[in-house]
Amino acid sequence: MKTMLSALLLAGALVPAAAAADPLADQVKADLPSLMAIYRDLHANPELSMQERRSAGILAAEARRLGFEVTAGVGKTGVVAVMKNGPGAVLLLRADMDALPVVEQTGLPFASTKKGTSLAGVETGIMHACGHDTHMTTWIAVARRMAAMKGQWHGTLVMIGQPGEETGQGAKAMLDDGLYTRFPRPTHEIAFHDSASLPAGIVGWTPGYALANVDSVDLRVRGLGGHGAYPQATRDPIVLASRIVVALQTLVSRENDPQQPGVVTVGSFHAGAKHNIIPDEAKLLLTVRSYTDQTRKLLLDGIARIARGEAIAAGVPEDRMPEVGLNVENVFTPATFNTEALTDSTVALFTRRFGEARVRKVAASMAGEDFSRYWLADKGTQSLIFWVGGVPKEKWEAAGGDTSKLPSLHSPYWAPDAEAVIGTATEAMVTAAMGVLGKK
Ligand SMILES: [Zn+2]
Ligand SMILES: [Zn+2]
């Protein structure tokens, strides 16, 4: 009886019964008009990776107003907002702030018309095509709720606005700039990402590995150029690079353990300028994905071995062997791992709040996320990233739930049901935060 009563009290504190008032849901609902104004402004004013000054300023100003201690410029444009509220756990909540070099084609009234220069020096349109504007707006909403609910929790809240997620630079930049030494060191880390594979308002979660190791490999295949009419005087890098591309297909199909996911994709193949000239070199750009360190090593070592082996077979001289390197602009993103205890306890709270129908276990993704770095910097901590569905209900139904018929994240057409994402994500993030920091 006692156990039952305390279980009921605990449930009541976090998840009021459907018939009773639900202060969190009511407050989030009341805040939505203000949040949507912030969202539309962020959406119309996207900023490229590591250039998120305006966005960071909006997060910093809001957190300061709410009584957080705010430090800007952490890891170049990152924001750290700390609220100390007595002894207890230290919870890091992250929102990423960067947009993508994509020309928006959603046709939304607040669509972005911004332009900028990418890291590669290319003039481009800019769009929040990954939905990081929903993450920032939710961050503000969560800061408001946690400040208002200060009497119901204890411990330390470290809310960060992270730059450069899309280029894999931001989390590392913040850690290198003293995130874990200049500020309270977290015991728990939580983030969410909007999802183009789930209907609006559905929460998705994955146990263990949730996102992949992502390596960007540059492969410079060198030959000996010359006249297209005299191939005997050359070592043709186009033929050689073609053989390398075909041989790479056996890495995953023949060398890798089928139980361990891996991807090797050649996304770019450039060589030559004219019909009758055999060029000096060909350039291949690859994305390489895995979950475990072992598979990652197998694939990266295999690429170097195959490139060299094929070059030897083609008779390329030793001083013209292929150059294999990791791309410097697209920094390696390690696999993201959801730890068991925090995942299980948070999913239980989500299920109580939203009901079983709105909480779905989803398969791990081969996409990457540098949120992984916060846990990897201290594996003694607990970490969780979850998904919040953003596909508008009518679009989901029209596609019959077939996500191949819907725009994906990074698509110029990705227009989430932002109200549903921000509302659901705010409730979920506050619920998750209260699970760690709430007075028991
Ligand atoms: Zn993205
Ligand atoms: Zn993203």
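No lab work stands behind these numbers, since they all come straight from the coordinates. The structure presented is a predicted model; accordingly, all values stated were derived computationally and were not measured. Every residue, glycine as well, gets a Cβ built from its backbone with ideal geometry; the counts of neighbours run over all protein chains shown.
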Most to least packed among 159-172, 190-203, 333-346 [average Cβ atoms within 10 Å]: 159-172, 190-203, 333-346
Helix 418-437 axis, angle to the chain major axis (alpha carbon atoms, nearest 10°): 70 degrees
Taking all pairs of distinct alpha-carbon atoms in region 109-258, Kirkwood radius in angstrom: 21.4 Å
Residue order, fewest to most surrounding Cβ atoms within 10 angstrom, among Tyr230, Tyr374, Tyr413: Tyr230, Tyr413, Tyr374
Part-to-part distance (alpha-carbon centres) for region 82-118 and region 182-219, which is given in Å: 14 Å
The chain - share of DSSP beta bridges that are antiparallel (%, nearest 5): 70 percent
Sum of -39500 (n - 2.57) over DSSP H runs of 4+, divided by residues of the chain (222 nm, nearest 500): -11000 deg cm²/dmol
Residues Met146, Met174, sorted so that the one with the fewest Cβ neighbours within 10 Å comes first: Met146, Met174
Net +/- balance of residues flanking Ser290 in space, Cβ distance below 13 Å, scoring K and R +1, D and E -1: -2
Max mean-square fluctuation residue, GNM over the chain, Cα-Cα springs under 10 Å, options Ala313, Ala30, Ala348: Ala313
Distribution of pairwise C-alpha distances over the chain, 10 Å bins, in %: 4, 19, 28, 23, 14, 7, 3, 1, 0, 0
Per-pair calculated FRET efficiency, R0 = 51 Å: Thr351 and Val122 via Cβ, rounded to 0.05: 0.70
FRET E, pair Asp176, Arg54, Förster distance 22 Å, beta-carbon r, rounded to 0.05: 0.40
20 Å Cα-Cα threshold exceeded, pairs from Lys29/Lys84; Lys115/Lys393; Lys150/Lys440; Lys114/Lys395; Lys172/Lys379: Lys29/Lys84; Lys115/Lys393; Lys114/Lys395
Helix 53-65 axis, angle to the chain major axis (alpha carbon atoms, nearest 10°): 20 degrees
For region 201-216, Karplus couplings with θ = phi - 60° (6.51, -1.76, 1.60), whole Hz, Gly/Pro x: x, 8, 9, x, 9, 9, x, x, 5, 10, 9, 8, 5, 10, 10, 9
Acute angle (nearest 10 degrees) that the helix 340-354 long axis makes with the longest principal axis of the chain, alpha-carbon atoms: 60 degrees
Computed lengthening from His410 to Glu329, 0.36 nm per intervening residue step minus Cα-Cα distance: 27.4 nm
